[in-house]
Structures are given as structure tokens and as C-alpha cells.
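To start, the structure itself, in C-alpha cells.
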């Protein structure tokens, strides 16, 4: 029983100390922030588009073929789509299911 109490006090001390470390600089990265993936590229390759919009590959390919007005650029024969522009394009064409 005293082992668990000691372990609990040690963990509490660690987390309180970690919190106090960033008291004057709250924007400083913590240990766990290094594992979060926030820096994503602005452009998405055509073959990775399905992951961004959450559909199967075939549906994303059909979307690109049916809608030539999707904002994109071609570099070395590969098509890239801007995340920001694609979000705006999708929002403008949102279908309501009322």
C-alpha cells in the first residue's frame, strides 16, 4: 500500500513540477508537443487526396475527374491541391440533406 502512495506522490510531484516549468512561458513546447503532428504541408498530392477528404481512393479520383474546377497545380506532371483552397471549394459546394 505504501508503494502505491509513494508512487502517486512521485508522479504528482513530477506533473506539478512540469506545469510550473512553463509558468512564465506558456507557449513553450512540452514533452508531448513534440509528438503531435501539426506541421503539415500546404499542398496534397493527388494520390493522397482521399486521406484528406476521408473517402476511398476511387471516390477521390472520381471527384477530381468530374470536377475540373478544383483549384490545383501541376509540377513535373504530378497534380497538387492546396489544403486551404480545397476546404473553401468543398464548403462552397456543400450539399444540404434537409
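The values are calculated or read from the model by the stated rules, or taken from the named source; none is laboratory data. What you see is a predicted model, and the numbers here were worked out from it, not measured in a lab. Every residue, glycine among them, receives a Cβ derived from its backbone with ideal geometry; neighbour counts consider all protein chains shown.
The table below lists the values:
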item	result
Flag if residue 7 is modelled with pLDDT of 80 or more and surrounded by 10 or more Cβ atoms within 10 Å (Cβ to Cβ)	yes
Flag if residue 33 is in a loop (DSSP other than H, G, I, E, B) and at pLDDT below 90	no
